[in-house]
1. Any idea which of ALA199, ALA176, ALA166, ALA231 is open to solvent by less than 10 Å² (accessible area, probe 1.4 Å) and more than 19 Å from GLY282 (Cα to Cα)?
2. Kindly indicate which of TRP451, TRP389, TRP425 is within 16 Å of the chain's Cα centre (by Cα) and over 24 Å from GLU300 (Cβ atoms).
3. Restricting to segment 623-661, give me the number of residues that are β-branched (Val, Ile, Thr) and either part of a helix (DSSP H, G or I) or touching a strand residue (DSSP E or B) at 6+ places or on another chain (Cβ under 8 Å) (or both).
4. If TRP99 satisfies all but one of (1) assigned to a loop (DSSP other than H, G, I, E, B); (2) in contact with a Lys or Arg (Cβ under 9 Å, 6 or more places away or on another chain); (3) under 21 Å from MET227 (Cα atoms); (4) not aliphatic (A, V, I, L, M), what's the number of the condition it fails?
5. If you scan segment 230-248, which residues turn out to be polar (S, T, N, Q) and assigned to a loop (DSSP other than H, G, I, E, B)?
6. Here is a list of conditions, (1) over 18 Å from ILE732 (Cβ atoms); (2) open to solvent by less than 10 Å² (accessible area, probe 1.4 Å); (3) part of a loop (DSSP other than H, G, I, E, B), and ASN699 meets all of them except one; can you say which number that is?
7. Does segment 76-95 hold any residues that are crowded, with 24+ Cβ neighbours inside 10 Å, in contact with a Pro (Cβ under 6 Å, 6 or more places away or on another chain) and in contact (Cβ under 8 Å) with a residue 60 or more places away in the chain, and which are they?
Amino acid sequence: MSSVSSVAKRVLAGCIAAAVMACAAAVAQQHDRASYVNPLIGTANGGNVFPGATMPFGMVQFSPEASPVSSRHPIAAPGGYEYRATALRGFSLTNVEGWGCAGGSGDVPFMPITVAVDKSPSSDFRHAYAANFTHADEKAEPGSYRVKLANGVEVHLAAALRMGVATFVFPADAPARVLVRTSDSEVGSTAAKTQVDTATGTVTGEVTSGNFCGYINEEDRRPYYTMHFVAKFDQPVTEIGSWQDNKVTPGATTAEGGTGFGPKGFPESGHGSGVWLGFGQGKLVRVRVGISYVGLANAEANLEAESKAGKTYEEVSANARAAWNTQLNKIETEGGTEEQKIVFTTAIYHASMTPTTYSDANGEYMGMDGKTHRVQAPQQAQYANFSGWDVYRSQLQLLTWLDPQLGSDIAQSLYNQSQQDSGRWDRWTHLGGATHVMNGDPADGAIAAIWTFGGNNFDAKAALASLVRAAEMPTKEDLSNHGCPVECAGQRPGLDQYLKLHYIPVGAPAWGPAADTLEDVSADFSIAALAGHLGDKAIERRFLDRAQYWKNIWNPKAAPDGGYFMNRNADGTFPMEIVDGDNDSDHKPQHFTPATGAGFVEGSAAQYVWMVPFNVAGLFDQMGGREQAVARLDRFFYNGEGKPAVTNSGELHAELNNEPSIETPWLYDFAGQPWKTQQLVRQVLDSIWKNAPNGIPGNDDLGEMSSWDVFASMGLYPEIPGRAELVLGSPIFTKVVVHRVQGDVTIEAPAADATHYYVRGVKVDGAASEKTWLPESFAQKGGKLLFELTQTPVKSWGTDAKDAPPSFAPKGI
C-alpha cells in the first residue's frame with residue numbers, strides 16, 4: 001500500500017477538522033433547541049398564539065397586547081397579538097396559548113410612553129397611548145421578547161415561572177413614563193385596584209376578570225378570578241398619577257374601577273382605571289413583577305422566591321431559555337430539513353405552554369369554590385387552563401409521555417377542580433372558573449389517557465369513582481338548558497335522556513345532539529378503558545356496553561352514498577332538516593344532506609361520520625365494509641381532481657384545522673390501505689404546517705393542534721381515546737429519540753426525506769412487524785422502532801385485517 005503524501009495528509013486533516021467542527025456545531029445547536037423555535041408561527045391565520053415570554057407551563061406570559069387590526073373587531077386576536085397588527089397597547093402579564101372566542105386574561109398591561117398623560121387611557125383602552133411597531137424591530141424567542149416601538153422605546157421582556165422582568169430603554173431626549181393599565185384585561189374586568197409606593201417604586205394591585213366567550217352567552221359574562229400583582233421599579237419615581245374612567249388625576253397614588261364586560265360581552269370605552277409613573281428624562285427602567293391568584297402577599301413571595309435565580313432581563317431570559325431547552329430536548333431528532341426542524345420544535349414549544357402553573361411557591365392556590373387550597377403530596381403543582389374538548393385527543397398524551405409526574409399533577413388538578421365544583425368535571429376551565437365551553441365530557445378521556453401514558457401518581461381510583469358518578473347520576477345542571485348551546489352548564493347535558501334512550505335526542509340540553517352523543521360514547525369508552533387499567537371489570541363492561549350507543553343515531557339510509565349519524569327525535573324518528581341558512585318562513589324543510597351542520601359542533605355530518613375512534617371496525621361494518629369505507633375516505637380527503645381537500649374545502653371534506661377531523665388521516669390503517677395514511681399525513685405536514693405566521697392551520701387550542709404535528713412528524717398517533725396504542729404513519733426524520741423516565745423510545749427511518757415516506761417494512765424491537773399499530777406496552781415501556789421507507793406505495797405491508805389497529809366492543813356486538 002502506498003504512503004499518503006503530505007499534501008493529502010493536510011487535506012485529510014482539514015476535512016476531519018471541518019467535519020469535527022460541523023459535528024460540534026450540530027451538537028451545540030441540538031443542545032440549544034430553543035434556537036429552532038419561531039414563536040411567531042401561529043400568530044396569523046387564526047392560530048391565536050402569543051409571541052411573548054413564558055416558561056414551560058408558566059404562570060406568567062409577558063407578552064405584547066396589540067390594538068385591533070380592524071375597526072370591525074374589538075380585539076386583535078384571542079392571543080392578544082395578531083401578526084398583521086401595527087400597534088401595541090401594552091405588555092400584559094398573562095395569556096393563554098391558541099384559544100378561541102375573544103380570548104381572555106391579558107391582565108395588567110404595562111405600557112411605556114414618552115408623552116404626557118393628558119387624557120384617560122380608559123377613554124379607548126384598545127388604542128389610547130398605543131405605539132406603532134414593525135416586525136423588523138421585533139425578536140421573539142423562548143423565554144424572552146424584544147421590540148423597539150415607534151415612540152423610540154426599546155422593550156425587553158423575560159419570564160420566570162411566576163414572575164416577569166421588563167426593561168424599558170427610553171430615548172435620551174424623551175420623558176420616561178410607564179402606564180400600569182390594571183383594569184385593561186383583554187375582555188375587560190369587573191374590578192381593579194392599584195396603589196403606588198413612590199418611596200420604593202413599588203406598584204401593587206389586583207384585577208378581577210373572566211368573561212371567556214361571554215359575548216356568546218351570558219352564562220360566561222361573569223368574573224371568576226382575581227389576579228394580584230406586585231411590581232418593583234428600579235428607578236426613583238419623579239412623577240405619579242392615576243385615572244378612573246375618563247378622569248385623570250395627576251399626583252394621585254391610588255386608582256380603582258373595572259371596565260365592565262359591557263351589554264354584549266365586550267368592555268366599552270370610558271371605563272377602567274390604572275396609574276402612571278414617571279422617571280425623568282431618557283432613562284433605562286427595569287421592573288420585576290410577581291403575580292398570584294391567591295393574594296398580594298403570595299404575589300410578593302413569588303416575586304422574591306424567583307428573584308433569587310435572577311433579577312435582570314438577561315438573567316431571567318437565560319434561565320427561561322435553559323428551561324425550554326430541557327423541555328425541547330426531551331424529543332431529539334436527526335435528519336429532516338431546517339424547515340421541518342423549526343416547525344417540529346416550535347410545535348413542541350407550543351404544546352408545552354398549557355396547562356399553566358396555578359399554585360404559588362408556597363403551594364397555595366384559589367380553588368373553584370373560591371377558597372384557598374394547598375397542594376398535597378405527591379402532587380407538586382396545581383395547574384389551570386384546560387380546554388378539555390381539544391386536549392384530550394393528543395396533547396395530554398404527549399405531555400404525560402414526556403413527563404409522567406406532570407401528567408399526574410394535571411390529572412390531580414382536574415380532580416381537585418371537580419371536587420371544589422360539587423363533583424362537576426367542567427369541560428373548559430379558565431383559571432378559577434368553570435366556563436363549560438364546547439360539548440361532550442372530555443375529562444374521562446383526559447384522565448384515562450394520562451393514566452395509560454404513564455401518569456399514575458394521582459388518586460386515580462377516586463377520580464374514576466367521581467367520573468362514573470357524573471356519568472350515571474344526572475345533576476340539575478345536566479337537566480337544564482342553562483348556557484346552551486355553546487356553554488351548557490352540565491357536565492353531561494341531557495344525561496337523563498341519554499340513560500333512558502341511549503342517545504341525546506333533539507330538544508335535550510345540548511349544543512348538537514348528534515355530536516354530543518358521539519362525544520359521550522367516547523367518554524364512556526374512556527371510563528371503560530380507565531376501569532380496565534385499574535382492574536374494575538364491572539365498570540369496564542358496563543361502560544364498554546354504553547360506548548356502543550353510537551349505533552343508535554346511525555341512519556343507514558341517510559343519503560345516497562350511505563349511512564350517516566343524524567339527529568334523532570325522542571320518539572325514535574329521524575327528523576327532516578332545514579339546511580339552508582336564510583331562516584325565511586317560506587322555505588320548506590329539505591331532506592338530510594351530509595353537508596348539514598344541524599346536530600353537530602363546529603362541523604358537518606360528513607365530518608362527524610368518522611367519530612368512533614375506539615371501534616373503527618364496527619363503524620366500517622355499518623358502512624358496508626372496508627372497501628366502501630375507503631371509497632368514502634378518498635372522497636373525504638381529496639377533491640374531484642385528486643388534490644388534497646383537508647382545510648377550507650367545504651362541509652363534505654376534512655377540516656384538519658379543527659378537532660372533529662384530526663384523527664381521520666390514520667383511518668386508512670384500519671382499512672388495510674396504510675400507504676394512503678402515509679401519503680396523506682405527509683401532504684398535510686408539507687402544506688398546512690409552515691415556518692410562517694400562518695403556519696398553524698387554525699386555533700392551536702392550548703397546544704392540541706401542535707401536539708398533532710409532533711406525533712404526526714414522528715410517524716405515530718394516539719388514535720384511541722383513553723388508551724396508549726399508537727397507530728403508524730411514517731416519520732419525517734431519520735431518527736427520533738423520545739427521552740422518558742420509563743424508557744426511551746427510539747424511532748429510526750434512515751431513508752426518510754421529501755420523497756421517501758411510504759413504508760416497506762417495520763421492525764419493533766428488532767422483530768419484523770406487519771401491524772400498522774403499536775401496543776400500549778410500547779408507549780408505556782419504550783422500545784425501538786425501525787421504518788424501511790421507499791418512494792412508491794407498498795400495497796403489501798399492513799393490509800391484512802389482522803394487522804389493523806384494534807377496535808373495542810363487547811363480544812357479540
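The values are calculated or read from the model by the stated rules, or taken from the named source; none is laboratory data. Predicted model, so just to flag it, every value in this text is computed and none were measured. FYI the Cβ positions are ideal-geometry reconstructions off the backbone, even for glycines, and counts take in every protein chain you see. Just the protein is used for accessible areas: all its heavy atoms, side chains included, with ligands, DNA and RNA removed. Shrake-Rupley method; radii C 1.70, N 1.55, O 1.52, S 1.80 Å.
1. ALA231
2. TRP389
3. 1
4. (2)
5. GLN235, THR238, ASN246
6. In the conditions (1) over 18 Å from ILE732 (Cβ atoms); (2) open to solvent by less than 10 Å² (accessible area, probe 1.4 Å); (3) part of a loop (DSSP other than H, G, I, E, B), ASN699 misses (2) alone.
7. Within segment 76-95, LEU88, GLY90, PHE91, SER92 qualify.
A quick yes/no check of all residues on (1) open to solvent by 30 Å² or more (accessible area, probe 1.4 Å); (2) more than 22 Å from ASP709 (Cα to Cα); (3) at pLDDT below 95; (4) in contact with a helix residue (DSSP H, G or I) (Cβ under 6 Å, 6 or more places away or on another chain):
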| residue | (1), (2), (3), (4) |
| --- | --- |
| TYR358 | no, yes, no, no |
| ALA361 | yes, yes, no, yes |
| PHE386 | no, no, no, no |
| THR400 | no, no, no, yes |
| ALA434 | no, yes, no, no |
| ASP441 | no, yes, no, yes |
